[in-house]
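S.K.: First the structure, which I've put down as structure tokens, then a few questions once you've had a look.
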Amino acid sequence: MKKHFPLLFIALTVFILNSCKKNDSSNPQYKIGDVAFGGIIFYLDADNSHGLVCSISDQSTNVTFSDAVVNPWPYWGINRNFLDSTIERGGASTDTILNKYGTSGNIAASCRNYRGGGHNDWYLPTIDELRQLYKNRTYVSQLSTGVYWSSTSFGYSNVPYTVRVLNFNTGQAITYFTQMNSGYNSSISWWSPLPTANTRAVRKF
């Protein structure tokens, strides 16, 4: 038995080391609702190691489009192709808005200037990111049942300036016009005046 003891000890050591590697904290597994990375996790990728977090509370509430201090959607003249709707593209859209309109006095800036968890890469989410936030809203604190601004825009030849918002009471994405022009088509059924809305900052991890 004494002759086999060193071999058993080595085998046990190897087993323990392998087990530790499998549970290595350098590749942790997260779940929706975890508080991490400066906020609350509301979206995860396929292997649960990367995703999106939102801030603990809103950056602004009931802000109108015409607000003189914080203008939520001063997007005139921005090519709609740069204001994407997909997941993890809100940062790029926010950068586009900030590059054109500056780092203060707009809703995109209020999200980018947030410093939750000491991070400086927060942004105004896209409409698809807001859909994920709505989907997992029960895990997130202090979410309103009202409307949230997105960083997503649509554009058409006759109505070039629009904004998309998400209603957190119904889950419906709505498109609003931000500016009329001579080519405005009044037959488009989903036109309505811009609402007051909230903002919630998001970041990737």
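S.K.: Tell me, which strands (runs of 3 or more DSSP E) wholly within region 21-74 include 1 or more residues that are of a type outside the set (G, A, S), out of contact with any Ser or Thr (no Cβ under 6 Å at 6 or more places or on another chain) and modelled with pLDDT under 95?
M.R.: Qualifying strands (runs of 3 or more DSSP E): 60-63.
S.K.: Something else about it: If you check every pair at least six apart or on different chains, which have Cβ atoms under 8 Å apart with a residue in region 27-39 that is without any contact (Cβ under 8 Å) to a residue 60 or more places away in the chain first and a residue that is of a type in the set (A, V, I, L, M, F, W, C) and part of a strand (DSSP E or B) second?
M.R.: Y30/A36; Y30/I41; Y30/L44; K31/I41; K31/L44; D34/I40; D34/I41; V35/I41
S.K.: With a cut-off of at least 1 residues that are of a type outside the set (G, A, S) and at pLDDT 95 or above, name the strands (runs of 3 or more DSSP E) lying wholly within region 109-205.
M.R.: In region 109-205, 202-204 are the strands (runs of 3 or more DSSP E) which contain 1 or more residues that are of a type outside the set (G, A, S) and at pLDDT 95 or above.
S.K.: For region 96-108, give me each residue that is out of contact with any Phe, Trp or Tyr (no Cβ under 7 Å at 6 or more places or on another chain) and touching a residue at least 12 places away in the same chain (Cβ under 8 Å).
M.R.: Those that are out of contact with any Phe, Trp or Tyr (no Cβ under 7 Å at 6 or more places or on another chain) and touching a residue at least 12 places away in the same chain (Cβ under 8 Å): L98, K100, Y101, G105, N106, A108.
The values are calculated or read from the model by the stated rules, or taken from the named source; none is laboratory data. This structure is a prediction, so every number in the text was calculated from the model and none was measured. In this analysis, Cβ positions are derived from the backbone assuming ideal geometry, glycine residues included, and neighbour counts consider all displayed protein chains.
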